[in-house]
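Since every read-out is calculated from the coordinates, none of them should be taken as a lab result. In this text the structure is predicted, and so the values were computed from the model without any measurement. A quick note on method: Cβ atoms are made from the backbone with ideal geometry, for glycine too, and the neighbour counts reach across all protein chains shown.
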Amino acid sequence: MIYKEWEDLKTIEDEKNPFSVLFEYPDGTRFYIEPIFYTKLISMIDHYKKEKKRILEAMKVLVKEHKKVIFTGSFVSPCTNENDYIYVELEDITNKLQIFVEDKSRGSDYGD
């Protein structure tokens, strides 16, 4: 899969984490993008096109601050496992930016 948002960065193949892409900035800071995180990110950007730059910049700031970040679809069951990395979900970023998605799902109307 091509991640055009970070096409200017170096990608590193990591056989231990084959489902995630590992990116590296020129200063050596690294981050993984898990497929579920990327799917959520693209969906968020589709709904909030004007916020794309802010979201990507917030991600960059996190990486620069923590040096090693895994952008995961779920803390509970990440598909990338590495020591010394912090795990960040999309909601951690968007909530801090005050970009909220209202969950309008509800239970079935066909209860007992």
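The calculated P(r) of the chain, using every Cα pair and 5 Å bins from 0, goes 2, 11, 21, 24, 19, 10, 6, 3, 2, 2, 1, 0 in percent.
Computed from point charges on the beta carbon alone (+1 for Lys and Arg, -1 for Asp and Glu), the dipole magnitude for the chain about its Cα centre is near 440 Debye. When the chain is treated as a Gaussian network with alpha carbon springs shorter than 10 Å, the biggest mean-square fluctuation among K68, K50, K60 belongs to K50. Since only I12, V76, M44 are under comparison, the one whose Cα sits farthest along the positive direction of the charge dipole of the chain, derived from C-beta charges on Lys, Arg, Asp and Glu, is M44. Think of it as helices only: each DSSP H run of n ≥ 4 in the chain is worth -39500 (n - 2.57), and spread over all residues that comes to -9500 deg cm²/dmol at 222 nm. Estimated translational diffusion coefficient (Stokes-Einstein, Kirkwood radius over Cα pairs, 20 °C, 1.002 mPa s) of the stretch 10-55: 179 µm² per second. Normalised by the number of residues in the chain, the mean separation of alpha-carbon contacts (under 8 Å, six or more apart) gives a relative contact order of 22 percent. As I understand it, the value is the acute angle between the Cα axis of helix 52-66 and the longest principal axis of the Cα atoms of the chain; what does it come to in degrees, rounded to 10? Between helix and principal axis, roughly 50 degrees.
The chymotrypsin sites (Phe, Trp or Tyr not before Pro) found in the stretch 10-105 that occupy coil by DSSP, while having at most 13 further C-beta atoms within 10 Å, are F19, F75, F100.
A cut-off under 12 angstrom between Cβ atoms defines the neighbours of G28, and their net charge, with Lys, Arg +1 and Asp, Glu -1, is +3.
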